[in-house]
1. Within straight cross-link reach of K92, meaning Cα distance under 27 Å, which lysines are found once same-chain residues fewer than 8 apart are removed?
2. Once you've got the Cα coordinates, tell me which of K121/K388; K76/K121; K121/K418; K254/K351 are over 32 Å apart.
3. Hey, what did region 2-485 get for relative contact order, percent, Cα under 8 Å, at least 6 apart?
4. Could you please tell me the mean projected area of the C-alpha convex hull for region 277-377, averaged over all directions and given in square nanometres to one decimal?
5. Pull up all non-local amide H partners of T91: gap of 5 or more, or a different chain, and H-to-H distance under 5 Å with H placed in the peptide plane.
6. Test of the criteria: in region 162-207, which trypsin sites (Lys or Arg not before Pro) are in a DSSP loop and have at most 13 other Cβ atoms within 10 angstrom of their Cβ?
7. Which of the lysines could a cross-linker span from K266 if the Cα-Cα distance has to be under 16 Å and same-chain partners fewer than 8 positions apart are dropped?
8. Beta carbons within 10 angstrom, averaged per residue: use that to sort the peptides 471-477, 163-169, highest first.
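Only the coordinates and a few stated rules stand behind these numbers; no lab work does. Remember, predicted model here, so these are calculated numbers, not experimental data. All Cβ positions, glycine included, derive from the backbone under ideal geometry; neighbour counts span all protein chains shown.
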Amino acid sequence: MIAIGDYGEFPVSRRSTWAPLALNLCLVLLLASPAYATISGSAGLDTTNYVSTAQSSKGVDFSNLRADVLAETTSKTIRARAQAEFMLGLTKNSTTTGEAPEIYIGMNPETFPVQLSLGRKLMPWNVLDNEWGLGIWQPRFRWDVLHPEEVGMMGAFLEAQSEFVQGAIFITPFFVPDRGVPIDASNGNIRSSSPWMITPPNNVFFRGQSIPIAYDLRVPPVEDVVMNGGWSTNLRVGHKSGRGPWVSTSFSRKPVNQLLLGFFGKMSIDANAPADVVDPIQAKLYPRILYHELKSFDMGYSHKRVNLWASALWEHPIRDETPATWNTQEITNSEAYGFGVRWAAVGELDKRGMEFSLGYLRQVGGDAPSQGPPELNVSNFESRYPFKSTLRFGYETPVNLIMQPISRGHFWEKLRWKMNLTYDFIAEGSIVSTELDYRPSQKWIIRAGVDILSSSNPDANTSSASDLINRYVANDAIYGRVGYVF
């Protein structure tokens, strides 16, 4: 399944699933080397309830059995890794799916100063793209649009490192775009049970008359999507341990991770037909693959208790050729800038102490008006850029550190609270996410959280909204998980 338009999925092949591939590779990696191998992960029940979705025709309760697996094997010469997740739908609205963010085998950097790796691998091409989940450089798994998961590009990675200089070259004949929510394109309609899919309009007004639309999604052959190559390069100056000051720059030419749409509508008007009898517009939707050129510059400082960074990302899309009769989704040059800081008030970063974070993103350009015959323009495309001018504050801590002395005891020491506050000054909207994480033992995890979206923008929850917050402002959610850790 591959994401398009509003970044839902359409089936390019019934065999194109990551689940069996990831499972098989996990087994291969564990058997590949007798020197050192590990497998870890979790399995449990996930449930999400969208408490205020305005789209009453869509289901609001989603439950899945979920398993996350990480398999790694290392020898003197080889290092391999497979990270996969599988979800089995339990309700009529849930869908069975899977993803493999990383799945590669390569040379051990402890032995070789220059390493070749093959497969799908997450790389630090650009901090801004990584931190904000933009999906400009690396694709995403957007099953939950509010919490996208970054996944690696697939191909060959050549990496070299010394103590203070590191570099990487990536080249591939393959392209794996964003994956989003499932859609059903049949009988002239486009539907989805997910609240993260805004379906296109069912009619259009022409000369004062409402005319129905019958959609025909022209799904391309899988090879026409996958066989689109690209390359990326990265140069980093700083200690290879990641500590201390560092600078990094990257360049790339590759396909855009989101498939854009071309739309051709054919309208037949019978002058002798009654005024209330109108044939539907025959609308054909064509997924399009565009290329773009990327460049970025990052700098920062990292210590065990503080991490600072500043980043810039420039994008130049390369327009494809389309018939003049099409309406086409358009993008243009984009610039993004940002900074961030993480600080451990108690303990060290990533050691489950008390942490604060603050970040800002400014994105300019990128979106452009759709082109084509104006009378048949029914586009309501989602922006490829989820945020425009956005401030984010984060906080996480063990509960016993903030509720002393009343929180003394075994229970409070194992309860962790996380909170993120996001405000977009241009969209005039906010996201509040908070989560409680309880681990009664090393083998069990219980998690509950809430996402609340709000906006004062008059376009909120209308077809005119294209940014993430205003487009999905009705999707407040309560979620939970009970899982076994192995």
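1. In chain and number order, the partners are K58.
2. K254/K351
3. Computed value for region 2-485: 12 percent relative contact order.
4. 10.9
5. When sequence neighbours closer than 5 places are left aside, the close amide H contacts are S63.
6. Details: sites: R179, R191, R207; in loops: R207.
Those satisfying the criteria are R207.
7. K284
8. 471-477, 163-169
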